[in-house]
Every structure is written in C-alpha cells, then in structure tokens.
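Worksheet: the structure to be examined is printed underneath.
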Amino acid sequence: MNSITSCQLFRWSFITFRKITKFRYIPTKKSNFKLFTCQRFYCSISKEEISPNNVNNDEFEFDDEQPYYNVNFETIAQGDEEKIKKLKLIQLEIDMMSQQGEKVPTKITTEQWNELLLFSDFRTQKIRFLKYLWLREVKKDHFKQKRAELNTQFLKKKAQKKLEEPTVFTTSSPMMYGLKFMTLFHRIYDTQINKLYNYKLLQALWFGPHILVDCEYEEFMTLRDKSHCVKQILLMWSENRDNFNPFDIIFCNMNPDGFILRKLKGLFPTLNDPDFPFNMTSKNYLDLYPRDKLVYLTPHCKEILTEYNSNDIYIIGALVDKSKCEPLSLAKAKRDKLRMAKFPIDKYLHWGQGHKSLALNQCISIMNDVKNGYNWTHAFKHVPERKIVNVKYTNEYEAEKKENHLSAKGIREQHRRNLVYDLLMKEQ
C-alpha cells in the first residue's frame, strides 16, 4: 500500500493553493513590500481522491511556467542525491518567494544554481543573491528599452536630415562645408583611434614597463565578486590603454576553464587574436620574472611604497572580497617570500570607514601617475570621494571632543539628548 510522504503532500497542497486561491495586496507600514493574503479558497478534490491509493506523483509536478523549472538538476549535482534534494528545496522556495511578490529572477543559470547551493543553509545570503540577480535582469531590460528608444530617435533624426539636405548639387548651388560635404580635414574614424591605442600597448609589450595581475583568487570569490572582478579588469585595461605611457599588463595565473576568462572572451571577441594587445598566461609570476625583482602590492602589510622604482615589477591581486576582506594577498606574498608594499594612504588621505582596498582600475591609474612623475597627492585623485572623510567635519569633531573632554560615545549621547529636547520643545 502506497503512502503519501510529507514532501509530496506539501507539494500537492502548495500547487492546489496556487492554482485555486485569489490574492489581494495589503500595504504594510514596516516595509515597502506588499503581502499576499488569501481572500477565499476552495478545494475541488474530494477525500476519496486524495487517498494514498489514488495519489499519482506525475499529476502534481511543477508547472513549466517559470524558466528556472526547465533545469536538469542531475547534470548540476553530478548524480549526488543530497545536492539534488537541496536544489529542489531551493527551487520550491524560489517559487514561493515569487508567489509572494518578492524580488526573484526569472532565469537562473547553472553557475548561479551552484552558487545557491553554497548558500543553502544561509537564508539571508540566499535572499541577497536572488535580489542581486533580479536587479541585474531589471537593469538589462531597462538598458534594452533605452537602447531601442535611442535607436528610434536616431533613425527619425536621420530621416529628417535627409529631407532637409539637398540631394542634387549644381554649379550654381552654394558650397556647403561639413561632414559629407566639402572639408579641408581628413576624417579620423574610431577604428583608427583604436589602432593607435593598441599600438601603444604593443609598444609597451616590447619595451615595458611591465606590471603583473595575479588572477589566482578565483576560488575565494563568490559569483557576484567574480562578475565585479571582470568589470574591474575591463576598466583597468581600458584606462591603462588611454594613458600616454601605458603599462604592459600581464594577467598571470589565469585559469583557462575559469569564470573570469570565459566572461572576458564574451566581452572581447578578438581576445585570442595574435594582434590583440591583451597579455595573459596560465604561468605563475615566479616562472616569468626573478624573485628579487617582484614586489606584491597588498594593503595588509606594514611596508609603505614611497616612490616608483622602474627596476621593480609590481604585482596587483585580482581579488574582490566585499564581505570578509581576508588578508589573502599578504599570506600569498609571505608564502612565496616576496617583498611587499602598500600605498601611503594614511599619509595623504583621511580615510573613512571600511578596509583600505582599492579597485583594479584605481590601482593602475595611481601607478601610471606615479610612474609618469606626478606626486602622491595628484595620484590619489583616482580614489572615490565616498571613501574619504571630510577634513572640515573631522576637525570640528576633534575640537568638540577636546573642549568637552568627552569620548566619541559621549558626544553621540549628548547629540541625541539635544535632538530629543528640541522635539519636546516643538510639541509644547
């Protein structure tokens, strides 16, 4: 005699509830979300039909309305039954969240499913990751709509210009200057500018200066951090190319089957072409240059980089870690017995809260300015203003702290009491 398991009964009741019930929106004061509540419900199946003998699992399978149901979990889990169970529970949870109106993506790739498996025991991280995927989808859709609108506007303006311009020119017609007409200057196309920038990178490839980017931190990053790392690598390469004396960036320890290289190939279709100036290798930096010439740039060390040395070859770690911020680059430099250095941020900037790690594009811009003869004050203009504290505010804060002989906690308490007193006086 067959018996109904709790999972099957829950799946059946959830699907029946989803198909039959009617929902209404109720706004709440605590949050901006809207809750679904049942207005009325009924069941069209009798008690005899839900007996253990009459239950068929095939009748209560999930609908294929959502795109993330058409996924083969066996290929993702590679035959592991525990992973398949976890994936099905995550799938059911995502469906419930979508029915409740929460921010959930409509498409989930195999890499994102593997990332969700890591967050299977942490609900808050799972919700944040799903919200991040939803925001990416919304941004892509908004970008497509905006691009289509701009395209239609461009075509309308182009058709209007054709109507206004004269089609036939005679000897008696006045001379017209500008694009598509008579001009004294040769037109410079974007392809020629790209060739000029690429030539500068090829020149740096032969004559230097060289700088290394260590891409061996891919296993320590989440999928979100990996995508941010790819964007930073793209910005790093483009900003270095725009400089009048660029570095030869060598991306070492690159995983041929990794996420970063696969995304870079999607962004650069000509990445594997021999004339494209993107220098990458799967070799270690110790196989490329001698140990005594290498200097690892890490914000966790004590040594400070006072000036740029053209005889040294600097290494930047391609690591994006916004949650933990572990000193992985420091540990790696100590393991390989390399010299270490960090930017003199404390000497020239009033840093705010958070760790003193900069993005890859900011690091390459600072190194380019120092290499080209600028001082550190000019080089640190590439640091975002959101990471720097206002000097005027800090001076007033320190003056108030010394005058009243109070700690930071005491000043906050005094400020809170003043606010409460002002509110009470307004009510009276």
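The values are calculated or read from the model by the stated rules, or taken from the named source; none is laboratory data. As the structure is a computational prediction, the values presented were derived from the model and not from experiment. So basically every Cβ, Gly included, is an ideal-geometry build from the backbone, and we count neighbours across all protein chains shown. For the accessible areas, the whole protein counts, side chains as well, though only heavy atoms, and no ligand, DNA or RNA atoms are used. Shrake-Rupley method; radii C 1.70, N 1.55, O 1.52, S 1.80 Å.
Neighbours of LEU264, meaning other residues whose beta-carbon lies under 14 angstrom from its beta-carbon, give a summed charge of +2 when Lys and Arg score +1 and Asp and Glu score -1. Other residues within the sphere of radius under 15 Å centred on the Cβ of ALA77, judged by their own Cβ, net out at -2 (K and R +1, D and E -1). Annotation for the stretch 144-161 versus the stretch 246-310: alpha-carbon center distance of 41 Å.
Among the chymotrypsin sites (Phe, Trp or Tyr not before Pro) found in the stretch 331-395, those both in a DSSP coil and sparsely packed, with 16 or fewer other Cβ atoms within 10 Å of their Cβ, are TYR374. Extents of the stretch 250-334, largest first, come to 41, 35, 22 Å (Cα atoms, principal axes, whole angstrom). A cut-off under 12 angstrom between Cβ atoms defines the neighbours of ILE249, and their net charge, with Lys, Arg +1 and Asp, Glu -1, is -2. Measuring between alpha carbons in the structure, the pairs from LYS107/LYS139; LYS231/LYS347; LYS131/LYS322; LYS88/LYS126; LYS226/LYS322; LYS83/LYS140 lying more than 19 angstrom apart are LYS231/LYS347; LYS83/LYS140.
Put simply, the stretch 237-392 fits an ellipsoid with semi-axes of 26, 19, 17 Å; these come from the alpha carbon gyration tensor as the roots of five times its eigenvalues, largest first. Volume per residue for the stretch 303-346 equals 97 cubic angstrom (convex hull of Cα atoms).
Placing pseudo-labels 7 Å out from each Cα toward the beta carbon at ASP346 and ILE188 gives an inter-label distance of 4.6 nm.
Taking all protein chains together, PHE143, PHE268, PHE207 sort by accessible area into PHE207, PHE143, PHE268, largest first [probe 1.4 Å].
Surface composition of the stretch 233-359: carbon plus sulfur atoms contribute 49% of the solvent-accessible area (1.4 Å probe, protein chains only, all chains present).
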